[in-house]
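Only one structure is covered here, and it is reproduced in the block below.
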Amino acid sequence: MTAPRSTTTGESTDPAVGLRVPARRRASWRAQGPIVAVVAAGGAVGASARYAASLAWPAAAGGFPWTTLWVNASGCAVIGVFMVLITDVWAAHRLVRPFFGTGVLGGFTTFSTYAVDIQRLVAGGHPRTGLAYLAATLCAALAAVWLAATATRRLVAWRQR
């Protein structure tokens, strides 16, 4: 296979497929490729952990989906700690945040399942449980991320004295 031919416009022709690819686009994919890969790998880890939790602690049909609530709240707490640590305490490698924050924790927390759980509860004749779950998960997730970030900041400030 021969090397791509350059043109005067900064494009190159890929001889394998005969397409012209702008140099800007090639550089963008080279920069974004590792990020997409680590987000995907982290997402697989996080989603697998969430799935394992749902198998370990299944919710009864029409019952309150405690597992999803605790997964979302605990994931949000870890996000709060993680964001403080990588922004205030140490400079992490450029792929740590996409891998762990977006990938692992994004795959672990499951607001899509949260929405499906609410729909199933309402459709199954449990609208009050669905409404309680809607409010409880939202409040628990927001409280968890705020409390974890605040506690982490205080702990870091205390240790730096």
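The values are calculated or read from the model by the stated rules, or taken from the named source; none is laboratory data. Source: prediction; values computed, not measured. Note that we place each Cβ from the backbone using ideal geometry, even for glycine, and neighbour counts take in every protein chain shown. Ligands, DNA and RNA are excluded from the accessible area calculation, which covers all protein heavy atoms including side chains. Shrake-Rupley method; radii C 1.70, N 1.55, O 1.52, S 1.80 Å.
Residues in segment 118-161 that are touching a Ser or Thr at 6+ places or on another chain (Cβ under 9 Å) and among the small types (Gly, Ala, Ser): 141, 144.
Restricting attention to segment 114-135, the residues that are in contact (Cβ under 8 Å) with a residue 60 or more places away in the chain and either exposed (fewer than 15 other Cβ atoms within 10 Å of the Cβ) or under 26 Å from residue 39 (Cα atoms) (or both) total 3.
Report yes if residue 94 is open to solvent by 80 Å² or more (accessible area, probe 1.4 Å), in a helix (DSSP H, G or I) and among the basic types (Lys, Arg), otherwise no.
Criteria not met by residue 94.
Residue pairs whose Cβ atoms lie under 7 Å apart, sitting 6 or more positions apart in sequence or on different chains, and linking a residue in segment 141-161 that is among the polar types (S, T, N, Q) to a partner that is open to solvent by 30 Å² or more (accessible area, probe 1.4 Å) and in a helix (DSSP H, G or I), are 152/81; 152/85. Residues of segment 104-148 that are of a type in the set (S, T, N, Q) and either over 28 Å from residue 42 (Cα atoms) or assigned to a helix (DSSP H, G or I) (or both): 112, 113, 119, 129, 137.
Exactly one residue out of 60, 37, 52, 31 is without any contact (Cβ under 8 Å) to a residue 12 or more places away in the chain, of a type outside the set (D, E, K, R) and outside any helix (DSSP H, G or I): that is 60. What residue, among those in segment 141-155 that are among the aliphatic types (A, V, I, L, M) and open to solvent by 30 Å² or more (accessible area, probe 1.4 Å), is nearest to residue 120 (Cα to Cα)? Restricting to residues being among the aliphatic types (A, V, I, L, M) and open to solvent by 30 Å² or more (accessible area, probe 1.4 Å), the top hit is 142. Residues in segment 103-113 that are surrounded by fewer than 18 Cβ atoms within 10 Å (Cβ to Cβ) and closer than 25 Å to residue 33 by Cα: there are none. Tell me, yes or no, whether segment 29-36 has at least one residue that is among the small types (Gly, Ala, Ser), open to solvent by 70 Å² or more (accessible area, probe 1.4 Å) and modelled with pLDDT under 95. Taking every residue of segment 29-36 in turn, none turns out to be among the small types (Gly, Ala, Ser), open to solvent by 70 Å² or more (accessible area, probe 1.4 Å) and modelled with pLDDT under 95. Do the conditions hold for residue 58, that is, is it open to solvent by 50 Å² or more (accessible area, probe 1.4 Å), in contact with a helix residue (DSSP H, G or I) (Cβ under 9 Å, 6 or more places away or on another chain), of a type outside the set (A, V, I, L, M, F, W, C) and within 30 Å of residue 124 (Cβ to Cβ)? Against the criterion (open to solvent by 50 Å² or more (accessible area, probe 1.4 Å), in contact with a helix residue (DSSP H, G or I) (Cβ under 9 Å, 6 or more places away or on another chain), of a type outside the set (A, V, I, L, M, F, W, C) and within 30 Å of residue 124 (Cβ to Cβ)), residue 58 qualifies.
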